Amino acid sequence: MNEINMHKTQVSEKLNFAVYICSTSRYRQIEKGESFSDVSGDTIQTLVQAAGHTILYKEILLDDKTIINNALENCLTINNLDVIIFSGGTGISPTDVTIETITPFLEKTLPGFGEFFRRLSYDENKTESLLTRATAGTKNGKAFFCIPGSPNAAKLAIEKLILPEAPHIIKHAREQHDTSR
């Protein structure tokens, strides 16, 4: 077993996730009592659970800085929460504020996440992949991922990047958090 594979065997196999769907349109449908489908959220939940992990929270949020910030602060109070996914609000429209809210909050950023996501997305969507600002980082021993809200993008991010690397990221995030106390 090489050093990288041995290093990865030292990580937790089961993680606890929170999933937040940042969607003004879905949030407004909830407010009005209208029925809707949350394809991206359901896709994320199905894939995470199929990999043996647990979803502790799943919520649809208004793509609003205050509401997203409240969700971030809440995540820090939950000791057994490992991975937080924000899906939606990663584009460039004036109402897309997920990235602006989460990025300043992070202790460490993982630029490679967004770079790899856009590279993988390019294979499916060509230059449209330039419009996403997908990003990831850590804070207080937890991993935070911001991914686009489309079902295909969510599936791509979860299957190809988040599930394979989340345990490894958490291991290092916890080490960094423990030494910073």
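What the table below lists for this structure:
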read-out: Where ASP63 falls short, out of the listed (1) in contact with a Gly (Cβ under 9 Å, 6 or more places away or on another chain); (2) of a type in the set (Asp, Glu); (3) at pLDDT 95 or above; value: (3)
read-out: Candidates ASP38, ASP42, filtered to the one that is surrounded by 10 or more Cβ atoms within 10 Å (Cβ to Cβ), of a type outside the set (Val, Ile, Thr), modelled with pLDDT of 90 or more and touching a strand residue (DSSP E or B) at 6+ places or on another chain (Cβ under 8 Å); value: ASP38
read-out: VAL48 being under 17 Å from the mean Cα position of the chain (by Cα), closer than 16 Å to PHE86 by Cβ, at pLDDT 95 or above and not charged (D, E, K, R); value: yes
read-out: Residue satisfying condition, being among the acidic types (Asp, Glu), touching a residue at least 60 places away in the same chain (Cβ under 8 Å) and open to solvent by less than 60 Å² (accessible area, probe 1.4 Å), within set ASP63, ASP82; value: ASP82
read-out: Which listed residue is in contact with a Lys or Arg (Cβ under 8 Å, 6 or more places away or on another chain), in a loop (DSSP other than H, G, I, E, B), crowded, with 17+ Cβ neighbours inside 10 Å and not charged (D, E, K, R), from THR101, THR90; value: THR90
read-out: Breaking point among (1) more than 22 Å from GLN45 (Cβ to Cβ); (2) open to solvent by less than 30 Å² (accessible area, probe 1.4 Å), for ASN125; value: (2)
read-out: Filtered residue count, the range 142-166, keeping only those that are part of a helix (DSSP H, G or I) and either open to solvent by 20 Å² or more (accessible area, probe 1.4 Å) or among the hydroxyl-bearing types (Ser, Thr, Tyr) (or both); value: 9
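The values are calculated or read from the model by the stated rules, or taken from the named source; none is laboratory data. The structure displayed is predicted, hence computed values, not measured ones. Glycine also receives a Cβ, built like all others from the backbone with ideal geometry; neighbour counts cover every protein chain displayed. The protein model used for the area step is the full one, side chains on, heavy atoms only, and it has no ligands, DNA or RNA in it. Shrake-Rupley method; radii C 1.70, N 1.55, O 1.52, S 1.80 Å.
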